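What follows is one structure encoded as structure tokens, with my remarks underneath.
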Amino acid sequence: MSPPVFRFAPSPNGFLHLGHARSALLNFDLAQRTGGRMLLRIEDIDTTRCRPDYEQAIYEDLAWLGITWEKPVRRQSEHLLLYREAVERLTREGLIYPAFESRADIARLVAETEKSGSWPRDPDGAPLYVGMGKHLTADERERKVAAGAPYALRLAMDGAVARTGSLSWTEEGTGPNGETGHVPARPEQWGDVILARRDTPTSYHLSVVIDDALQGVTHVVRGQDLFWATGVHRLLQQLLGLPQPVYRHHGLVLDDAGQKLSKSTQATALRELRVGGMTPDEVRGLVGIKPTMA
């Protein structure tokens, strides 16, 4: 029987913080405990925010924590053609369409609508896309693309769900409301999610399921903030004929205001804690993981 395979997959768009440390340490400890493999993947498809110095800092921070991983490291930016092929496959099957509204266009429409009513939102609270993209004719879409109009490639959720039928996943951790065990997938909660853009041939949702399958990841251990997104991932796995890993979602590390730590809110970086004299075992204590044996 093959050993279990775990992975930690950060984006090099900022320095790692305690939330990242918790996820990385949980994956590493589980791999050690089960005789499994530990992989590191760099999710660097966002070329405008990802930087080489952040990537180097990831390696340094993880090594300081005592985490080791198999080489070579997979970098998503080196596999864009693979993601593009998946998009083309789903397009041929009639499950992807271009939407031409900008983020600003959608924000204005939502703001105007919510003056007198409500707009449907996904589990993260972001407005669902209910624009006109899917209603354009093939000729109208071709003319806009040929004219150089920016667009996002969206999954036709209704058609995708109709094709796969009901799905679920095996949860060894817990969801935000204590969900565990056999969890029904509800990808429709997310509406017509973006799978790629004109200038980026993939998205987080698409690349993560492809990478996990190609790397043979058997156990996905990550924060509860991604719990409901697992429904979208199960849908894409089914559509693309990819294997289903076991999932283990863990609680988040929160700040003093009760919000999850984030690079965007300037959460204290691990490198700052290290410079300040904190030890790896003290970091383990802060994130609720048993210290290493002396």
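Readers should treat all values here as calculations from the given coordinates under stated rules, not as data from a laboratory. This one's a predicted model, so the numbers in the text were calculated from it and none came from an experiment. Backbone-built Cβ (ideal geometry, glycine too); neighbour counts: all protein chains shown.
Details
- Extension reserve of the VAL246-ASP281 stretch, reckoned as 0.36 nm per residue once the Cα distance is removed: 9.8 nm
- For the chain, share of DSSP beta bridges that run antiparallel, in % to the nearest 5: 55 percent
- Computed about its Cα centre, the charge dipole of the chain is approximately 300 debye, with only Lys, Arg, Asp and Glu carrying charge at their Cβ.
- P(r) weight above 21 Å for region 9-130, C-alpha pairs, percent: 61 percent
- Selected from PRO52, PRO12, PRO176 as most flexible by GNM, with the chain as the system and alpha-carbon contacts under 10 Å: PRO52
- Legend: translational diffusion of region 166-288 by Stokes-Einstein, Rh = Kirkwood radius over C-alpha pairs, 37 °C, 0.692 mPa s; D = 199 µm²/s.
- Candidates LEU30, LEU153, LEU206: whichever shows maximal mean-square fluctuation once the chain is modelled as a Gaussian network with Cα springs under 10 Å: LEU30
- Packing-based ranking, highest mean first, of 190-198, 40-48, 273-281 given that Cβ atoms within 10 Å are counted: 190-198, 40-48, 273-281
- One chain, two ends: VAL73 and ASP255. Fully extended at 0.36 nm per residue, the span grows by 62.4 nm beyond their Cα-Cα distance.
- Cα gyration tensor, the chain - rounded (a/c under 1.5), prolate or oblate: prolate
- In percent, rounded to a whole number, the relative contact order of the chain is 24, using alpha-carbon pairs under 8 Å and six or more apart.
- The separation of region 1-53 from region 226-251, counted between C-alpha centres, amounts to 17 Å.
- SER262/HIS182 FRET efficiency (R0 35 Å; Cβ-Cβ; nearest 0.05): 0.70
- Helix-only arithmetic for the chain: the sum of -39500 (n - 2.57) across DSSP H runs with n ≥ 4, divided by the residue total, places the mean residue ellipticity at 222 nm at -11000 deg cm²/dmol.
- Projecting the Cα atoms of ALA99, GLY35, THR48 onto the dipole axis of region 1-119, where Lys and Arg carry +1 and Asp and Glu carry -1 at the beta carbon, places GLY35 farthest toward the positive end.
- Shape of region 79-207 from the C-alpha gyration tensor: oblate (a/c of 1.5 or more and a/b not above b/c, with a ≥ b ≥ c the square roots of its eigenvalues).
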